[in-house]
Amino acid sequence: MNDLEQTLSIIKPDAVERNLIEDIKSIFTKNNLVIKENKKIHITKEEAAEFYKVHQSKPFYDQLCAYLSSGPIVVMILEGKDAVLKNRKLMGATDPKNADENTIRKLYGISIDKNSVHGSDSIENAKKEIKFFFLN
Ligand code: CDP
Ligand code: MG
């Protein structure tokens, strides 16, 4: 019918800790992404390991899982036109040093690991990630 999509967004522990939840949410809503679902949770390292399973062979995997489970996070379903790509553009590059001006990671990211947000990278992964947090 149209290209309304849903994607999964996570506000990571470094941003929750610095009270950036509302600032980050307002970037999404100002850019026509609707927050359909939203919850603040604290996941276990095992849950983080399951969520980031695609990265299990990477050298940073263990640290990444420890980090995502280190404090509260906010998980959201964002909905809008081209939501997957739009969210990735609003987030900016993985390493805040390389992120474009005014992206979330440029504005708020501290380092490549403490980069404030996660966003699904494809429609297929968005479906899996939404299911992981909201449909089980
Ligand atoms: O999050 P994004 O999709 O931009 O990047 P990724 O390549 O899917 O990596 C997932 C997460 O792993 C990143 O957001 C970083 O927090 C972390 N990472 C890291 O700690 N060190 C790296 N060299 C690469 C990624
Ligand atoms: Mg990724």
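In a residue-by-residue description of segment 59-67, the property of being in contact (Cβ under 8 Å) with a residue 40 or more places away in the chain, in contact with a His (Cβ under 9 Å, 6 or more places away or on another chain) and within 12 Å of ligand 1 (Cβ to nearest atom) applies to at least one position. Within segment 87-97, if we keep just the residues that are out of contact with any helix residue (DSSP H, G or I) (no Cβ under 8 Å at 6 or more places or on another chain) and more than 9 Å from ligand 1 (Cβ to nearest atom), the residue that is farthest from ILE21 (Cα to Cα) turns out to be LYS97. Residues in segment 88-122 that are surrounded by 16 or more Cβ atoms within 10 Å (Cβ to Cβ) and in a helix (DSSP H, G or I): ARG88, LEU90, MET91, PRO96, ILE104, ARG105, LYS106, LEU107, TYR108. Within segment 18-51, being basic (Lys, Arg), over 14 Å from PHE132 (Cα atoms) and either touching a residue at least 24 places away in the same chain (Cβ under 8 Å) or surrounded by 13 or more Cβ atoms within 10 Å (Cβ to Cβ) (or both) holds for ARG18, LYS25, LYS36, LYS40, LYS45. Of the residues making up segment 98-119, those that are under 14 Å from the mean Cα position of the chain (by Cα) and either away from ligand 2 (no atom under 14 Å from the Cβ) or under 20 Å from GLU22 (Cα atoms) (or both) number 11.
Can you say whether GLN56 is touching a helix residue (DSSP H, G or I) at 6+ places or on another chain (Cβ under 8 Å) and among the polar types (S, T, N, Q), as far as the supplied structure shows? Here the answer is yes, as GLN56 does meet what is asked.
Filtered by the rule that a residue be out of contact with any strand residue (DSSP E or B) (no Cβ under 9 Å at 6 or more places or on another chain), without any contact (Cβ under 8 Å) to a residue 24 or more places away in the chain and within 12 Å of ligand 1 (Cβ to nearest atom), segment 98-130 gives ASN98, ALA99, THR103, SER111, ILE112. The set of residues from segment 20-74 being assigned to a loop (DSSP other than H, G, I, E, B), within 15 Å of the chain's Cα centre (by Cα) and either farther than 27 Å from ASN102 by Cα or away from ligand 2 (no atom under 16 Å from the Cβ) (or both) comprises LEU20, LEU33, HIS42, ILE43, SER69, GLY71, PRO72.
Where a number appears in this text, it was derived from the coordinates with a stated rule and is not lab data. No experiment lies behind these values; they were computed from the predicted model shown. Cβ atoms come from the backbone with ideal geometry, glycine included; neighbour counts cover every protein chain shown.
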